[in-house]
Amino acid sequence: MAGPLKKLTSHQSSRSETLDQLFSAPGTLERRRSVLLPLESLPSHFSESLPCVLYECNASFDLSFVSENASELLGIDASELVGHRLLSDERIPGEDLMRLSNRLEELEHHNGMISLVHRILNGRGLPFWVAHNLWKANSNNTTMIRGCMVPLDYNGVLNSSEQAVISRFVHKMGNHFQLLNLVVSSLRKAVPESRETLMLQETVEKAIDLARSFSDYNQVPTGLSRVELMDILQAAVMTRRSSFEEKGITFNSQIHDSVSGATIKADPYLLELAIGHVLQNALEATDAGGRVTLQASAKRSGDSASVASISVIDSGCGIDENALRNALVPFFTCKKNHDGLGLSMASRFIEIHGGILRITSPHGKGTEVEIVLPIEVEGQPLS
């Protein structure tokens, strides 16, 4: 093991040294290994031509420099980042921030580079994926953290060959479970019913349901078209309103006029399904006599870009800290006889549409699930 590990460490170190050269002034023929040139020496026209955003921060991750192309590549003005912490949930979604924070511990043990793929929030509060590399550097005898972010095309990830392999695997597993279910049914007719045959039947049925749920989770848009967001919201509410009434829960729909006329390029089925999963989660978390409210509004961000904010708020018992941390992790659940795919599926479908799903839940005070989506609004001022 020592040989490969040593080779890997050497490879990471050489990568970070190569990237450090980007931070040095062009035309410099010699570079001292112990002290790297300050980032301010990097000409703006040079950084603007790079396919990645460069940054530098101190040991506390307070940003002291961000290359000017951050506005073009990340949708965030560099001046809005300098002076603020890199590790902020205003810029990196909570679950991604946790993964990044855990990986940063590796920098304390070696001087190589760490790399990961995660989301970052642009100026509109919408997520996109970046390949992120960061490493330690010595600038003017001070230890600094330097890094670069390369934007990724999330739709390209969705359409990868791995996605097709997963779909085929789930389909074949479902076929085997269905065949097994037929065998169990025949067995129960041929032999006296017993506890073991009942358990076997129940287990097979759960496996079939799980395969079906994962097949739903693994869906990608079959086609995108411009749809009215109001139509999506009304369909999700209408389909599930009776379930709230049957359970004795007061359900309110508060859709602001600003949503009228807002359109989104979407797969209407997947988007309605995502909102439906959020409503279903609120239904299950709220006892009879409780209240669930759906709120929706649109607002303009910048000259023409707009976003819609959709919140589902319930009066349930809330979610404890550990469960909240894992609420969007596939197959994680605190509920009996649940597969743990509801909210994670909703989050995935929202992200496919360029949005983000967030959960806040003060324990004992209910839960709010917020969805933020990019939209287009023509000929209507927004508040």
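The values are calculated or read from the model by the stated rules, or taken from the named source; none is laboratory data. Bear in mind that the values here come from a model prediction, so they are computed numbers and not experimental data. Counting neighbours? That spans all protein chains shown, and the Cβs are built from the backbone with ideal geometry, glycine included. Side chains included, ligands, DNA and RNA excluded: accessible areas come from the protein's heavy atoms. Shrake-Rupley method; radii C 1.70, N 1.55, O 1.52, S 1.80 Å.
Being of a type in the set (V, I, T), buried (at least 17 other Cβ atoms within 10 Å of the Cβ) and in a strand (DSSP E or B) holds for only one residue in I350, I359, and it is I359. Kindly indicate whether V307 is part of a strand (DSSP E or B), open to solvent by less than 10 Å² (accessible area, probe 1.4 Å), within 30 Å of S71 (Cα to Cα) and among the hydrophobic types (A, V, I, L, M, F, W, C). So V307 fits the description; yes.
Can you find a residue that is in a strand (DSSP E or B) and in contact with an Asp or Glu (Cβ under 7 Å, 6 or more places away or on another chain) anywhere in the range 97-104? No - not one qualifying residue is present in the range 97-104. When the range 212-240 is examined, which residues are found to be assigned to a helix (DSSP H, G or I), touching a helix residue (DSSP H, G or I) at 6+ places or on another chain (Cβ under 9 Å) and at pLDDT 90 or above? Scanning the range 212-240 gives L229, M230, D231, I232, L233, A235, A236, V237, T239, R240. Determine whether the range 152-175 contains at least one residue that is in contact with a strand residue (DSSP E or B) (Cβ under 9 Å, 6 or more places away or on another chain) and either over 28 Å from H353 (Cβ atoms) or modelled with pLDDT of 80 or more (or both). For the range 152-175, residues in contact with a strand residue (DSSP E or B) (Cβ under 9 Å, 6 or more places away or on another chain) and either over 28 Å from H353 (Cβ atoms) or modelled with pLDDT of 80 or more (or both): present.
Set side by side, the residues I92, I120, I145, I114 differ, and just one is crowded, with 17+ Cβ neighbours inside 10 Å, assigned to a loop (DSSP other than H, G, I, E, B) and among the β-branched types (V, I, T), which is I92.
Here is a yes/no grid of residues against (1) in contact with a Lys or Arg (Cβ under 9 Å, 6 or more places away or on another chain); (2) of a type in the set (A, V, I, L, M, F, W, C):
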residue	(1), (2)
N322	no, no
L343	no, yes
A346	no, yes
I352	no, yes
I356	yes, yes
K365	no, no
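Restrict the check to the range 243-256 and report whether at least one residue is open to solvent by 50 Å² or more (accessible area, probe 1.4 Å), over 23 Å from T360 (Cα atoms) and not basic (K, R). Checked against the condition, which is being open to solvent by 50 Å² or more (accessible area, probe 1.4 Å), over 23 Å from T360 (Cα atoms) and not basic (K, R), the range 243-256 yields at least one hit. One residue stands out in the range 188-231 among those that are touching a residue at least 60 places away in the same chain (Cβ under 8 Å) and among the hydroxyl-bearing types (S, T, Y): the one that is least open to solvent (accessible area, probe 1.4 Å), namely S213. Among the residues of the range 95-111, those identified as open to solvent by less than 40 Å² (accessible area, probe 1.4 Å) and at pLDDT 85 or above are D96, L97, L100.
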